[in-house]
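The block underneath contains the structure these notes are about, expressed in structure tokens.
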Amino acid sequence: MATVAKPAIAPMIPRIAPREDLNPFRIAQIQFDMAAEFLKLDPGLRQILRTPKRILEVSLPTKMDNGQVKVLTGYRVQHNVARGPGKGGIRYHPNVTLDEVKALAAWMTWKTAVVNVPFGGAKGGVICDPKRMSKAELERMTRRFASEILPLIGPDQDIPAPDVYTDSQTMAWIMDTYSMMVGHTVPGVVTGKPISVGGSVGRAEATARGLVFVVEEACKLKKISLRGATVAIQGFGNAGATAARLFVEKKAKVIALSDTRGGVTNSRGIDPIKAIRYKERSGTVVGMPGASRISNDDLITMKCDILVPAALENVITLTNAEAIKARIVAEAANGPTTPHADEILARRGITVLPDILANSGGVTVSYFEWVQNQEGLLWDTEEVNLRLQKIMIRAFHEMVDTMRKHHVPPRAGAMILAVGRVAEATLVRGLFP
Ligand code: GLU
């Protein structure tokens with residue numbers, strides 16, 4: 001793969017050194033413009049595809065446990081629904097911005113198109129600090145958010161799911177609020193639900209499982225043995241922690257882990273189960289026995305075969321891209337690598353498995369969950385994982401074929417594939433009115 005990694009994207013990136021533009025939506029548009037250029041899309045179509053279809057901003061008056069009311073701000077953005085209902089998670093984070101949600105919604109459009117599931121792209125976010133909120137406060141805020149975005153969501157319209165600092169409980173509250181308002185139970189309005197209310201087996205670990213499937217394929221092409229390969233994981237939420245566990249099941253060696261408070265490293269390997277248990281007890285992996293401390297910055301540039309950014313955007317940038325020593329970067333997070341960093345990594349022959357493919361296992365099993373809800377089906381774990389494997393491997397090879405056709409690195413290959421599919425759907429539907 002490294003041999004086709006010619007930095008064909010270089011002329012598309014605005015030269016604004018010395019400091020990079022880290023606005024996620026502008027980054028998403030740079031990535032889109034590059035694909036549109038390769039596909040020679042006409043200017044009108046480009047305008048349609050690079051702009052979100054619908055944006056809703058809502059105020060969420062929420063009663064806190066001390067009796068005071070806090071008015072929080074939330075967003076739901078539908079980027080594109082040409083290929084099916086909007087689909088994408090809801091993020092709770094103090095740093096949420098509208099531009100971040102717009103970027104994440106656009107990446108969902110390309111992600112569902114890369115794996116070819118019949119959804120569009122959407123995303124939601126609430127500016128809040130969930131780590132400092134009680135469960136009761138989170139429930140009240142979530143129910144108010146669900147009721148405010150009610151006109152946009154629905155199993156045929158727009159289907160939320162978990163993202164950063166939201167989980168199956170959050171989805172259960174949204175599903176219940178929606179169901180109460182419409183007067184009957186509608187499991188298909190969200191995915192990533194608890195199993196007891198229509199969630200799918202395999203959904204919780206799907207993002208990480210999908211990532212490991214594509215890393216395995218990339219390793220075959222790069223002639224790296226996953227057995228014994230060293231893995232560093234930045235971010236220890238659902239995706240990062242599950243990836244650590246699955247890599248070890250494949251006999252790879254997880255040599256570093258981190259969360260918001262810092263990281264831990266051991267060249268002989270860290271037991272992910274012990275790390276998960278330690279974090280459950282103390283709220284962080286930092287300080288776990290049998291591993292020494294490492295900063296998040298040093299983890300990113302440490303010597304390893306596979307680097308997995310599994311937290312937030314903009315962790316691989318102009319500042320550290322030259323210092324990355326991994327052979328494969330597998331993006332479990334959305335938007336962890338900037339366009340300038342992408343260019344540097346491509347030149348250095350480092351394979352970046354892009355977010356829209358690498359973390360698409362989550363939305364793929366979300367699709368399975370929605371299908372089961374709509375049809376009243378219940379698949380077992382084996383069926384879910386086999387179907388996931390088939391889709392991830394197919395998407396990986398379609399990306400590689402596109403890379404070879406256009407002589408571009410993996411992200412450009414995945415984007416050209418995805419944008420081409422959405423463009424085709426938009427053209428064949430035609431313009432209303
Ligand atoms: N939040 C996840 C993502 O960024 C999952 C979205 C979904 O399942 O709809 O892909």
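Here are the numbers for the structure shown:
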read-out: Calculated Rg and Dmax of the range 158-272 using C-alpha coordinates, Å; value: 17.6, 56
read-out: Most mobile of Met392, Met181, Met302 in a GNM of the chain (Cα contacts under 10 Å); value: Met181
read-out: Whole-number percent relative contact order across the range 255-360, with pairs defined as alpha carbons under 8 Å at least 6 apart; value: 21
read-out: The range 41-81-the range 104-144 distance, computed between alpha-carbon centres (Å); value: 10
read-out: The range 271-338, Rg to Rh (Cα coordinates; Rh as Kirkwood inverse mean 1/r); value: 1.00
read-out: Share, in percent, of DSSP beta bridges within the chain that are antiparallel, nearest 5; value: 50
read-out: Bins of 10 Å, starting at 0 and running to the largest distance - Cα pair percent for the range 370-433; value: 19, 28, 31, 21, 2
read-out: Check: the range 72-209 dipole with +1 on Lys, Arg Cβ and -1 on Asp, Glu Cβ, in debye; value: 140
read-out: Amide proton proximity set for Ala252, modelled H, under 5 Å, gap of 5+; value: Gly228
read-out: Rounded to the nearest 20 debye, dipole of the chain from Cβ charges on Lys, Arg, Asp, Glu; value: 780
read-out: Most mobile of Ser134, Ser147, Ser360 in a GNM of the chain (Cα contacts under 10 Å); value: Ser134
read-out: Contact order relative to length of the chain, as percent, for alpha carbon pairs under 8 angstrom and 6 or more apart; value: 19
read-out: Residue order, fewest to most surrounding Cβ atoms within 10 angstrom, among Val428, Val77; value: Val428, Val77
read-out: Proximal aspartates and glutamates to Lys87, defined as alpha-carbon separation beneath 13 angstrom and excluding residues fewer than eight positions away on the same chain; value: Asp156, Asp158, Asp163, Glu369
read-out: Assigned charges on the beta-carbon of Lys, Arg, Asp, Glu; the range 37-149 dipole about Cα centre (debye); value: 200
read-out: Radius of gyration and Dmax over the Cα atoms of the chain, both given in Å; value: 20.6, 65
read-out: Loop trypsin sites (Lys or Arg not before Pro), the range 24-77, which have at most 12 other Cβ atoms in a 10 Å radius of their Cβ (DSSP); value: Lys40
read-out: Cα gyration tensor category, rounded, prolate or oblate, for the range 321-425 with a/c compared to 1.5; value: prolate
read-out: Listed residues Pro194, Pro24, Pro162, most fluctuating in the chain (Gaussian network, C-alpha, under 10 Å); value: Pro194
read-out: Of Lys193/Lys279; Lys102/Lys222; Lys40/Lys223, those spanning more than 26 Å from alpha-carbon to alpha-carbon; value: Lys102/Lys222; Lys40/Lys223
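Only the coordinates and a few stated rules stand behind these numbers; no lab work does. Every value quoted in this text rests on a predicted model; they were computed, and no experiment measured them. Neighbour counts run over all protein chains shown; Cβ positions are idealised from the backbone, glycine included.
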